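So the structure is just underneath, and the comments pick up after that.
Values quoted throughout were computed directly from the atomic coordinates according to the rules given, and no laboratory measurement underlies them. All figures in this text were calculated on a predicted structure; none of them were measured in a lab. With ideal geometry, Cβ positions are generated from the backbone for all residues, glycine too; neighbour counts draw on all protein chains shown.
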Amino acid sequence: MEVASEKQANNIVLMDLRDLCSFTDYFVICAGESARQIRTISDEIEKTLKKEGVLPHHHEGSTDSGWVLLDYGDVIVHVFGAAERDYYKLDELWQEAKLVLRIQ
């Protein structure tokens, strides 16, 4: 979350899904203002975690689509464009999840 914040991601949330689903424990959801910023945010998250020896199990989406998903198993990171985040409304879809942290 700190990495996303440092790259000026907005509306960052960390949601605890452990009581609601079996495929992951946490979602990190954030948004960038442009394709370039989405790429910067997702690249920096991958780079930082790789330094710690943590590699994603799966990488999906593209900056051009407005949604990049980084699947680290226990944590899934969603980096959206503003319009895509508003359209998919993951925050609302998983509203029963425990909100751990929100950074506006």
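For the range 70-93, filtering for residues that are in contact with a helix residue (DSSP H, G or I) (Cβ under 7 Å, 6 or more places away or on another chain) and surrounded by fewer than 17 Cβ atoms within 10 Å (Cβ to Cβ) leaves 0. Of the residues making up the range 42-69, those that are surrounded by fewer than 15 Cβ atoms within 10 Å (Cβ to Cβ), more than 16 Å from Val28 (Cα to Cα) and among the polar types (S, T, N, Q) number 2.
Matching residues to (1) over 14 Å from the mean Cα position of the chain (by Cα); (2) in a strand (DSSP E or B); (3) not hydrophobic (A, V, I, L, M, F, W, C):
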position	(1), (2), (3)
Cys21	yes, no, no
Leu49	no, no, no
Asp64	yes, no, yes
Val79	no, yes, no
Tyr87	yes, no, yes
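Among what's in the range 10-40 and is under 13 Å from Leu70 (Cβ atoms) and not hydroxyl-bearing (Ser, Thr, Tyr), pick the residue that is surrounded by the fewest Cβ atoms within 10 Å (Cβ to Cβ). Per the criteria, the residue is Arg39.
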